[in-house]
1. Go through (1) within 20 Å of the chain's Cα centre (by Cα); (2) crowded, with 21+ Cβ neighbours inside 10 Å for residue 90 and report which single condition fails.
2. Picking from 350, 426, which residue would you name as being within 23 Å of residue 54 (Cβ to Cβ), modelled with pLDDT of 95 or more, among the hydrophobic types (A, V, I, L, M, F, W, C) and touching a strand residue (DSSP E or B) at 6+ places or on another chain (Cβ under 8 Å)?
3. If a residue must be within 21 Å of the chain's Cα centre (by Cα) and touching a residue at least 24 places away in the same chain (Cβ under 8 Å), how many such residues does segment 354-388 contain?
4. Checking residue 144 against (1) part of a strand (DSSP E or B); (2) farther than 30 Å from residue 431 by Cβ; (3) among the aliphatic types (A, V, I, L, M), which test does it fail?
5. Looking at segment 171-184, is at least one residue under 22 Å from the mean Cα position of the chain (by Cα), buried (at least 20 other Cβ atoms within 10 Å of the Cβ), hydrophobic (A, V, I, L, M, F, W, C) and more than 21 Å from residue 340 (Cα to Cα)?
6. Only residues that are closer than 21 Å to residue 187 by Cβ and modelled with pLDDT under 95: list them for segment 220-261, please.
7. Of the residues 70, 80, which is farther than 16 Å from residue 350 by Cβ, at pLDDT 95 or above and buried (at least 24 other Cβ atoms within 10 Å of the Cβ)?
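The values are calculated or read from the model by the stated rules, or taken from the named source; none is laboratory data. On a predicted model such as this, the values are computed, not experimentally measured, just so you know. A quick note on method: Cβ atoms are made from the backbone with ideal geometry, for glycine too, and the neighbour counts reach across all protein chains shown.
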Amino acid sequence: MDNDSNTHGAESTDGRTGVDRRRFLAAGTGAVATSVAGCLDLSGEAGAGGEVTIGVLAPLGQDQGVGAENAAEMAVDEINDDGGIDGADVELVVVDTLSDPGETQDETERLIEVENADLLVGTFSSEATQGALETIGEYGIPFIITGSAAPSLVTDFVADDYEQYKSVFRSGPINSNLQAEAMGDYAEYLEERHGWEEFAFLADNAAWTEPFAENLPDILEDRGYEVVHEDRLQPGLDDWSSVIGDLQNAAPDAVFRFFAHNIATELLGAWHQQELDFGIEGIHVASMTPDFFEVMEGAASFETTSQSGAAGATAITEHTQDFVERYQEEYDEPALPMYMGFNTYDAIHVYHEAVERAGTTNWESDLDDIVDAMLETEYTGTAGTVEFYGPDSDYPHDLQETRDEDDVISNFPVTQWTPEGEIECVYPEAHRTADHQAPPWMG
């Protein structure tokens, strides 16, 4: 899941009042560095009075990016409060990718060459992540993807040239191929709950949605459902009248839509005002924004979205809700960490544990030791268990899905806005806080 542009009409990128963020501008750069451990001795190597530098690549004009920045600060604060990494203080350098592939590539190189980063985390849009990967492959710096879902980020890079890209991992979300399977499982729940058997499919025309377009209609039909309409939409679509008309003509029980580049306010408004006779399900990145319900004046009621961490609505692990509570004590906006925040927080702690096991942060000489330690990861995080696929798998170094006793994917939860403006987790059963609600006009 990812976002490129024009996806957060509900967000605010300022007004983060009451938070001492201890920032300074890195000289001669657009980076924001956060000194999180007091005065650092810069003369030595990490672990010997030096420092470990973590670079965060994020779209800081979007709530996903700001949530990732905030969550990274929390993780680094905690590590430093606990003695750092092998005794070395950790410094955080956050850069704005603008969700642009060229900007992401430039900032990636600068984090390595100028900021001397030891780890890179983040990236949101899959297209922007692709912009970083060539540079990362040239240097070999550890990189943990925390926002982009396209399977090609591992299949076309790590799997295709393992030696070149073995430093690349993904802590979340699960890739879009696995998300498509999870949507098939979710469709079975919707049938059990409401008797829904006919579905429409809409998606952004973007890299992260290609697996949904290629796989989900077949997955649904293989499970006995009918797909009555399919369409791919250009990012930033302004006129939704033909889309709405097509849906009315197709008359599905529910629409599976996958939007990160489209906010779809016109669709949601028509859905409520005209009482369109279908549910709206799938993934909607704008809807994850905490104030989206308010901005939409309630028109987000009954729509769902899948998202890592389930917006903290449920105790996915023993760490989920404690993390959200501590986040909200520290930060005003966004009011929730966002899915990229959950994944970024977990990624930094995963790296910390891995390099402690490896006994080194020196990726230029000890990359194999760091990679081996990363592959040993069994970490209970805020969004679930983090374990990585091995080098010989279909998705090397990708986050493994977790499955229940029925082989149903369980680490990609679905949340729903209620008419009261609350967020409930409706799926899977293990994390459910409320049953899924169909719009009342559907009867």
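1. With respect to (1) within 20 Å of the chain's Cα centre (by Cα); (2) crowded, with 21+ Cβ neighbours inside 10 Å, residue 90 is out only on (1).
2. 350
3. Within segment 354-388, residues that are within 21 Å of the chain's Cα centre (by Cα) and touching a residue at least 24 places away in the same chain (Cβ under 8 Å) number 11.
4. (2)
5. No, because not a single residue in segment 171-184 is under 22 Å from the mean Cα position of the chain (by Cα), buried (at least 20 other Cβ atoms within 10 Å of the Cβ), hydrophobic (A, V, I, L, M, F, W, C) and more than 21 Å from residue 340 (Cα to Cα).
6. Within segment 220-261, 260 is the sole residue that qualifies.
7. Only one candidate qualifies: 70.
Yes/no matrix, rows are residues, columns are (1) among the hydrophobic types (A, V, I, L, M, F, W, C); (2) in contact with a helix residue (DSSP H, G or I) (Cβ under 8 Å, 6 or more places away or on another chain):
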| site | (1), (2) |
| --- | --- |
| 111 | yes, no |
| 128 | yes, yes |
| 153 | yes, yes |
| 156 | no, no |
